[in-house]
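Notes follow once the structure below has been shown.
The values are calculated or read from the model by the stated rules, or taken from the named source; none is laboratory data. All of these numbers come straight from a predicted model, not from anything done at the bench. Neighbour counts are summed over all protein chains in view; Cβ atoms, including those assigned to glycine, are modelled from backbone coordinates with ideal geometry. These area figures cover heavy atoms from the full protein model, side chains too; ligands, DNA and RNA do not enter into them. Shrake-Rupley method; radii C 1.70, N 1.55, O 1.52, S 1.80 Å.
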Amino acid sequence: MSAATDRASVRARARVDGTVQGVGFRPFVYRLAGELALAGWVRNDERGVEVEIEGEEQAIEAFLARLATEAPPLARVERVRAERRPAQGAQSFLIVPSARGGAADAPVTPDAATCDDCLAELFDPADRRFRYPFVNCTNCGPRFTIVRGVPYDRPQTSMAGFLMCARCAAEYEDPADRRFHAQPNACPACGPRARLLLGGVEAARGDAVGEPADAVAAAARLLVEGAVLAVKGLGGYHLACRADDDGAVDALRARKRREDRPFALMVASTAAARALAFVAEQEAALLEGPARPIVLAPRRPQAPVARGVAPGARELGLMLPYTPLHHLLLADVQALGVGALVMTSGNVSDEPIAYEDEDALARLDPIADAFLLHDRPIHMRTDDSVLRAVRVGGRRRALALRRSRGHVPASIPLPLAAPHPLLACGAELKSTFCLARGERAWVSHHIGDLRNWETLRSFREGIAHFEELFALVPELLVHDLHPDYLSTAHAMEREGVELFGVQHHHAHLAAVLAEHGETGPVVAAVYDGAGYGSDGTVWGGEILVGDLAGFRRAGHLRPVALPGADRAVREPWRMACAWLAESSGDSPPEIPPALAGRVDAKRWAAVAAIARGGLAAPLTTSAGRLCDAVAALCGVRASVSYEGQAAIELEAIAAPGERGAYAITYSDGQLDPRPAIAEVIAELDAGVPAAIISARFHNGLADATASACAAVARAAGLSAAALAGGVFQNRLLLERVAAGLDAAGLRVLTPELLPPNDGAISYGQAAIAAARTLDGPR
């Protein structure tokens, strides 16, 4: 490409930082330079993009300004720094080979949903990529899940083994083509292929069904007939079946050993989602965004889904197709009369998602009737992200419940730069880890419960991958104070690094502060299931005053026994018994009617005795366990199959529009729910429906929390409040507490980029470590 340089007298060199690799940024720069008649070059390197341009001063100024304002859809320009250079008399503008040799510091792009241009090709019978399940371009397709290192070039991805044909290579080399330097570029002649296998491991020896081009269509027919399929996606395998078939859904649930946790659904379009749930503007925007997360939306009363899809849930988890293979599969089942598919993680309950073919064929063979797979390797497993819409501060916005595919590994800034490269190891449930260097933090994809060996291995593999990807060797390891967390054990096992312990609830507070770019101080309500307190007890219903550097405990829920310790998490009736024992004075608590016949009388009496001072009943201030207790008293759940189930189902039954609130008192830094427990029992005896009781309990807890925070803020002279912890995944509680704080004149900070739950702990740990180690590790 030539550029007019007759009057050129100025040259500039610019560095562009941000997410600018693998998003079509270099061809954008090439075209912009041509439009402005500028000469020079552009290239990738380990830190981002470098550009040198030569031409008229006015054109150079316009070029530098437009780099950020007109960047491609998937790019995120953080900073453009330019300096003048002597003119060299350049006559053309070139895209030159990537520079290597320095420390990697270039953000890697998250995977992105198939763009409209590629979809048009996918469904165009005249196009050479018609029904090709791996169509992509610089504006869409796999990124993080296939990348092995930076700079982001094809040899550094799992596409390295596919040699482009002449036509694909011509597209790849043409700066005017939207596939210019699209690293996963391929077509049916040279790229990955899909195939359908029957019979799992045995079929892997070659029992393929149909030609590769027919694999998706054949899979769709099996799904419509009621089969359970393992489907290889971007970050791992899904297990799929038709969503309106009770038999297929029940079979999937039984084989997967997933008793009650809701399944996600995939539908072809937003219109199809609206046939199943009330999808407002905000939910639609989330569904249609490039991340294509699972979005929770209130289900329609007569939604045509099997009874086993989301038992006990008021919402359905919906997502749109985000790969060409998914689009084809949904289009094919829709043509055969099926509107939605269950699309749940490809694993047995509590195990990490399967992503390697051999492992998937072995682990999923007892579950799946057939496998729809392909030969493009997945380098890093990544679950689907999960979001819901909430109203905070007068606007509806997203609340992340799980941040993973489509968002990771986008960096999140730190308000205070980390003076030393660090690894924050996070918590144990809903685990993530976080690497940080300078002002940039990389929070990992969702890992899961580290108490499962396979998940712990995935945690370690993920850390190794991130450290290699970002060329980061941690000098500081940050961990939770809980001595028995396996994430803490991982930190302790590393040699040659400084260790730094962070209290669990302080990390929750710090995560909210840091993602908003603030350092505090604020008052914060931090409500979750459990965290190791500074006094060695089990915290979980805390009112804190703090900043990134430190905190003090200004208030908390009344401590109550946790009878049987971890058994109380699995059996919420134990918490009901503990709160009744705490509220009943000297009289032993009786089994409430809703639990009669569901709990053995001898076991109830034994737990009541333990709750009054037994050795197996540590004290806890947990808000999550309080919600469990009320759920059990209402007959919602006596026992659970997954953590938080009782509280989730208690929220689900709450009567919309109910404004009554039970009394929870606040005095001397203690929130006392005993009056509310007494009201719950009285109204249950009076025949008040559980839906009303649930709403009144939520309202009472929210009002008491807002009042306590406002009182603490006034006493401390604070103007802002933060809400954090897994209990604030509860939309009713989050929205009502936030409204109460707003009414009290406080500026409210709530999680947005990261979940309220323990998925944010690692980032909070990193933010605290950065603030506390400015003078060196200690």
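Miscellaneous remarks
- Between residue 49 and 16, the built amide H atoms are under 5 Å apart, and every one of these is 5 or more places off in sequence or on another chain.
- Residues of the stretch 405-448 with amide N under 11 Å of a point placed 7 Å along Cα→Cβ from residue 489: none
- On a per residue basis, the chain carries 36 Å² of accessible surface, using protein heavy atoms and a 1.4 Å probe.
- Theoretical FRET efficiency, 1/(1+(r/R0)^6), r = Cβ-Cβ of residue 214 and residue 285, R0 51 Å, to 0.05: 0.90
- The stretch 474-569, dipole about Cα centre (Lys/Arg Cβ +1, Asp/Glu Cβ -1), debye to the nearest 20: 440 debye
- Note on the stretch 623-759: the alpha carbon radius of gyration divided by the globular reference 2.2 N^0.38 Å gives 1.05.
- Overall Cα dimensions of the stretch 388-534, principal axis frame, Å, largest first: 49, 31, 31
- Scanning residues 5 or more positions from residue 376 or on other chains, those with amide H under 5 Å from its amide H are 193, with H placed 1.01 Å from N in the peptide plane.
- Were the residues from residue 747 through residue 358 laid out at 0.36 nm apart, the gain over their Cα-Cα distance would be 134.8 nm.
- Percent RCO, i.e. relative contact order, over the stretch 483-630, from Cα pairs under 8 Å lying at least 6 residues apart: 25 percent
- Free-standing Cys residues across the chain, given no other cysteine C-beta under 4.7 angstrom: 118, 137, 168, 187, 241, 425, 434, 577, 627, 634, 709
- Area accessible to solvent at residue 38, 1.4 Å probe radius, in Å²: 0 Å²
- Over the chain, dividing the summed -39,500 (n - 2.57) contributions of all DSSP H runs of at least 4 residues by the number of residues returns a 222 nm mean residue ellipticity of -9500 deg cm²/dmol.
- Full-extension gain in nm, residue 123 to residue 586, via 0.36 nm per residue minus C-alpha separation: 159.4 nm
- For residue 402, distant residues with modelled amide H under 5 Å away: 386
- Per-pair calculated FRET efficiency, R0 = 35 Å: residue 417 and residue 87 via Cβ, rounded to 0.05: 0.45
- Looking at the chain, the DSSP beta bridges with both ends there are about 75 percent antiparallel.
- Largest to smallest in accessible area, the residues 648, 543 fall in the order 648, 543 (1.4 Å probe, all protein chains included).
- Computed over the chain, relative contact order equals 11 percent, with contacts defined as Cα pairs under 8 Å that lie 6+ residues apart.
- Summed over all non-identical Cα pairs, the Kirkwood treatment of the stretch 241-385 gives a radius of 15.8 Å.
- The dipole here belongs to the stretch 521-572: it is taken about the Cα centre, uses +1 on the Cβ of Lys and Arg and -1 on the Cβ of Asp and Glu, and is about 120 debye.
- Solvent exposure of residue 41, expressed as accessible area, is near 50 Å², computed with a probe of 1.4 Å over the protein chains only.
- Prolate/oblate/rounded label for the stretch 454-561 (Cα gyration tensor, a/c 1.5): prolate
- Here's the picture: charge each Lys and Arg Cβ at +1 and each Asp and Glu Cβ at -1 in the stretch 652-754, and of 693, 654, 727 the one pushed furthest to the positive end of that dipole is 727.
- Measuring r between the beta carbons of residue 9 and residue 519 and using R0 = 45 Å, the FRET efficiency lands at 0.45.
- Here the chain is scanned for GluC sites (Glu not before Pro) in DSSP loops (not H, G, I, E, B) that have at most 12 other Cβ atoms within 10 Å, and the longest stretch holding none of them is 496-778.
- Shown in residue order for the stretch 522-529 are the 3J(HN,Hα) couplings computed by the Karplus curve 6.51 cos²θ - 1.76 cosθ + 1.60 at θ = phi - 60°: 9, 8, 9, 9, 10, 10, 8, x Hz (x for Gly and Pro).
- Entry note: the chain has Rg to Rh equal to 0.99, where both radii use alpha-carbon atoms and Rh is the Kirkwood radius.
- Under 30 Å from the Cα of residue 256 - lysines, other chains or at least 8 residues apart: 232, 430
- Fully extended contour minus Cα-Cα distance, from residue 641 to residue 714, at 0.36 nm per residue: 22.1 nm
- Inter-label distance, nm, simple model (7 Å from Cα along the C-beta direction), residue 601/residue 302: 4.7 nm
- Carbon + sulfur, % of accessible area of the chain - ligands and nucleic acids excluded, 1.4 Å: 51 percent
- 25 °C / 0.890 mPa s Stokes-Einstein diffusion coefficient of the stretch 59-200, Kirkwood radius on C-alpha pairs, µm²/s: 139 µm²/s
- Relative contact order of the stretch 348-449, pairs being alpha-carbon contacts under 8 Å that are 6 or more residues apart, as %: 22 percent
- Annotation for the stretch 644-741: trypsin sites (Lys or Arg not before Pro) lying in DSSP loop with at most 16 further Cβ atoms inside 10 Å of their Cβ are 659.
- With DNA, RNA and ligands ignored, accessible area of residue 748 (1.4 Å probe; Å², nearest 10): 40 Å²
- Helices in the chain that qualify as membrane-span-like (whole DSSP H runs, Cα extent of at least 30 Å along the helix axis, mean Kyte-Doolittle hydropathy of 1.0 or higher) do not occur.
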